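**Student:** Here you go, one structure.
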Amino acid sequence: MKNALLFLRRWRDRLLKSPRPQPYPGDPAPPGIQNRAISIRQPYIEMILLGEKTIEYRSQPTRIRGRVYLYASQTPGEREDFADLGIEPNALPRGVLVGTVEVISCIGVPGDYEWHLANPQRLDPPLKPENRAQPVWFRPFREPTT
């Protein structure tokens, strides 16, 4: 019994010292769709659009909030993930903006963040971005010059 209590105390102390996921403050969300797109591989974008995936895991936090475009990157995800959905890898669009989603929050600890997503909407037809896609965030359309 004494060993069990000692184990539980050590376990509790270890938990209390471990970092807890903390909310990451965001910038206020502007109305409408922002001229920002997040690059995500297929079939994960399809899972977001179907409402099956509501968290995007990233190593960096984001302050971006509000509705943004979803860009289906040229590089596909794992074959097993396509098989789990019953979809062939070439059946889903890549290299285009396929929808929009709201980034509603970001929590986590350094190196392990959860970007919380909500209210996905599919674009029909998909849009070709004017600007070159980047690995995480990019501006898909040219900004008006002043």
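Laboratory data are not the source of any read-out in this text; all were calculated from the coordinates shown. Computed from a predicted model, the values in this text were never measured in an experiment. Cβ atoms come from the backbone with ideal geometry, glycine included; neighbour counts cover every protein chain shown.
**Student:** Exposed (fewer than 15 other Cβ atoms within 10 Å of the Cβ), small (Gly, Ala, Ser) and touching a residue at least 60 places away in the same chain (Cβ under 8 Å): does that describe ALA133? Quick ask: steps written out before the conclusion?
**Tutor:** Values: exposed (fewer than 15 other Cβ atoms within 10 Å of the Cβ): no; small (Gly, Ala, Ser): yes; touching a residue at least 60 places away in the same chain (Cβ under 8 Å): yes.
Answer is no for this residue.
**Student:** Keeping to segment 93-113, report how many residues are surrounded by 15 or more Cβ atoms within 10 Å (Cβ to Cβ) and either assigned to a strand (DSSP E or B) or among the acidic types (Asp, Glu) (or both).
**Tutor:** So the count comes out to 14.
**Student:** With TYR57, TYR69 as the choices, which residue is surrounded by 16 or more Cβ atoms within 10 Å (Cβ to Cβ) and either in a helix (DSSP H, G or I) or of a type in the set (Ser, Thr, Tyr) (or both)?
**Tutor:** TYR69
**Student:** Out of segment 75-92, which residues are surrounded by 12 or more Cβ atoms within 10 Å (Cβ to Cβ) and in a loop (DSSP other than H, G, I, E, B)? Let's see the steps before the verdict.
**Tutor:** As a first pass, look at segment 75-92 and keep what is surrounded by 12 or more Cβ atoms within 10 Å (Cβ to Cβ): 76-78, 81-83, 85, 87, 89, 91-92.
Selection gives PRO76, GLY77, GLU78, ILE87, LEU92.
**Student:** A follow-up question, please. Across segment 88-146, which residue is farthest from the chain's Cα centre (by Cα) among those that are over 16 Å from ILE33 (Cα atoms) and among the aromatic types (Phe, Trp, Tyr)?
**Tutor:** TYR113
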